[in-house]
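Report on the following structure.
Every number here is computed from the coordinates shown, using simple stated rules; none is lab data. Values in this document were obtained by computation on a predicted structure and should not be read as measured data. A quick note on method: Cβ atoms are made from the backbone with ideal geometry, for glycine too, and the neighbour counts reach across all protein chains shown.
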Amino acid sequence: MALTKADLINQVHSSSPKLSKVQAREAVETILKIMKASLGSGDDVLLSGFGKFNVKAKSARKGRNPKTGEAMMLEARKVVTFKPSGILREKVNGD
């Protein structure tokens with residue numbers, strides 16, 4: 001089961017009794033907006049104890065259409081990657 005944005009808002013709201021549900025939604029939306037803007041401008045997003053999001057450039061390359069098998073050129077593009085922190089890696093692996 002995936003943690004959705006609505007679930008995240010509910011958890012922020014329940015863990016911070018001083019915040020209303022609307023304030024919790026605004027907080028989550030603001031954080032996501034800041035992260036999108038940073039990544040959109042090519043900056044990394046580092047969340048201590050969680051991990052690092054960064055933008056990597058992928059060069060153009062040969063590919064193929066899996067449906068037809070036809071060879072094609074894939075354009076250069078940028079992708080967002082995530083590298084978990086050691087703390088998160090340990091938590092996920094149960095170490």
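Quick notes on this structure:
- For the stretch 17-62, filtering for residues that are farther than 29 Å from LYS91 by Cα and polar (S, T, N, Q) leaves 4.
- Wholly enclosed helices (runs of 4 or more DSSP H) of the stretch 1-94 bearing at least 3 residues free of Cβ contacts under 8 Å to residues at least 24 places away in the same chain, more than 14 Å from the chain's Cα centre (by Cα) and loosely packed, with under 11 Cβ neighbours inside 10 Å: 86-93
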